[in-house]
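The values are calculated or read from the model by the stated rules, or taken from the named source; none is laboratory data. Because the structure is predicted, anything quoted here is derived from the model rather than measured. Counting neighbours? That spans all protein chains shown, and the Cβs are built from the backbone with ideal geometry, glycine included. We work out accessible area using only protein heavy atoms, side chains counted, and drop any ligands, DNA or RNA first. Shrake-Rupley method; radii C 1.70, N 1.55, O 1.52, S 1.80 Å.
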Amino acid sequence: MYHLQGPQVLQMLKKSLRKSLPESLKVYTTVFHMNQGNPFKLKAVVDKWPDFTTVVIRPQKQEMTDDFDHYTNTYQIYYKNPTNCQEFLGASDVINWKQHLQIQSSQLSLNEVIQNLAATKSFQVKQTHCILYMMAETMKKLIPSLLEGKNVSPNSGKPKAICQEMFKPSSLDVTHAALVNKFWHFGGNERSQRFIERCIQNFPTFCLLGPEGTPVSWNLMDQTGELRMAGTLPEYRAHGLITQVIYSHSHYLNKLGFPIYSHVDKSNKTMQKVSKKLDHITIPCGWNQWHCVPL
Ligand SMILES: CC(C)(COP(=O)(O)OP(=O)(O)OC[C@H]1O[C@@H](n2cnc3c(N)ncnc32)[C@H](O)[C@@H]1OP(=O)(O)O)[C@@H](O)C(=O)NCCC(=O)NCCS
């Protein structure tokens, strides 16, 4: 097991992962942000270096003090060879299987490795598979082959105007975490609220303030650089607010050079409509998460 540290070696890793997009997307974007100051203090671990076959991104051990906090105890994985990957994850102490944890990967095929490990390491696993979207500009830069045959013009995806007297663009502050948490599909508890606070403190957010001067529609980023936790207060829905929020947020982040992507549940038709309107393009491998709980 090798811990990769320092900007040069992380650059090398990022360069290598770029060649395996979109399957390496989740790890690639996390390493991208590790190279930009590493706000979540994550670590990159590989089985071999430089000819790695498995990469695991994880928090530092001292951050993982709560065995039940699967929001913090989150690992991103990319592998080239399933047998090596299973061996690496099973034999080394790279993953603490005694904790409640999440695994994220752009490789759906990782499921088989995790299911095999669940039997030997005695944990229960719940898999979530969602639609993965990427902003056209990011795709053009990172995976142009996926844009072939798609008609995307530079100004497409621009949403219709919203009432500028009523809604003011702003960013969230940490006191808004409770509001975001209330509407986050994966949240609604104290641990998720702490995770949201950390995301607000470490990455750019975007919101619209309503007539009362408080957020009515918002969008965040998580530690992997993914756009997440979008929401609009029920009384302000269907006025085009989230479309405007995500458009503005993603264009701002794109100017910073960040890769822009997100996921949407297969049942969330409204967000699928929003993503389509914004010309965010689906990626075939999808978005995958495994929530593991020790038995
Ligand atoms: C999904 C959600 C963020 C949408 O916010 P919103 O501000 O209402 O979205 P918009 O107004 O920009 O809607 C975009 C489109 O969907 C339509 N729409 C919005 N809500 C709808 C509904 N309940 N049923 C049908 N269509 C709907 C809008 O009319 C609009 O279409 P149009 O431009 O053709 O008129 C909001 O419903 C919400 O917070 N849901 C709970 C949390 C959630 O699901 N977050 C997303 C996680 S990925």
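The number of residues in region 4-29 that are at pLDDT below 95 and closer than 12 Å to Val55 by Cβ comes to 0.
When residues of region 228-256 are filtered for being more than 9 Å from the ligand (Cβ to nearest atom) and either without any contact (Cβ under 8 Å) to a residue 60 or more places away in the chain or of a type in the set (A, V, I, L, M) (or both), how many remain? Lay out the reasoning, then the answer.
The initial filter retains those residues of region 228-256 that are more than 9 Å from the ligand (Cβ to nearest atom), namely 235, 247-256.
Retained after the next criterion (residues that are either without any contact (Cβ under 8 Å) to a residue 60 or more places away in the chain or of a type in the set (A, V, I, L, M) (or both)): 235, 249, 251-253, 255-256.
Of the residues in that region, 7 qualify.
Count of region 99-118 residues, restricted to those that are surrounded by fewer than 18 Cβ atoms within 10 Å (Cβ to Cβ) and either part of a strand (DSSP E or B) or among the hydroxyl-bearing types (Ser, Thr, Tyr) (or both), is 1. Residues in region 120-129: is at least one open to solvent by less than 60 Å² (accessible area, probe 1.4 Å), free of Cβ contacts under 8 Å to residues at least 60 places away in the same chain, of a type in the set (A, V, I, L, M) and not assigned by the TED database to the domain that holds Lys266? No, region 120-129 has no match at all.
Return yes or no: is Gly286 away from the ligand (no atom under 12 Å from the Cβ), surrounded by 16 or more Cβ atoms within 10 Å (Cβ to Cβ), on the phi > 0 side of the Ramachandran plot and of a type in the set (Gly, Ala, Ser)?
Taking the combined requirement at face value, the residue satisfies it.
Checked against the criterion of being buried (at least 18 other Cβ atoms within 10 Å of the Cβ), assigned to a loop (DSSP other than H, G, I, E, B), in contact (Cβ under 8 Å) with a residue 24 or more places away in the chain and in contact with an Asp or Glu (Cβ under 6 Å, 6 or more places away or on another chain), region 83-98 contains not a single residue that satisfies it.
A Cβ distance below 8 Å, combined with a sequence gap of six or more or placement on separate chains, defines the contacts here; from region 1-23, residues that are over 15 Å from Leu142 (Cα atoms) reach residues that are in a helix (DSSP H, G or I) in the pairs Met1/Phe88; Leu4/Leu10; Leu4/Leu13; Leu10/Val31; Leu10/Met34; Leu13/Val31.
Within the span defined as region 221-228, one or more residues are open to solvent by 10 Å² or more (accessible area, probe 1.4 Å), closer than 26 Å to Val31 by Cα and either in contact with an Asp or Glu (Cβ under 7 Å, 6 or more places away or on another chain) or not assigned by the TED database to the domain that holds Gln272 (or both).
For region 218-266, a residue qualifies if it is among the hydroxyl-bearing types (Ser, Thr, Tyr), within 11 Å of the chain's Cα centre (by Cα) and part of a strand (DSSP E or B), and the qualifying residues are Tyr261, Ser262.
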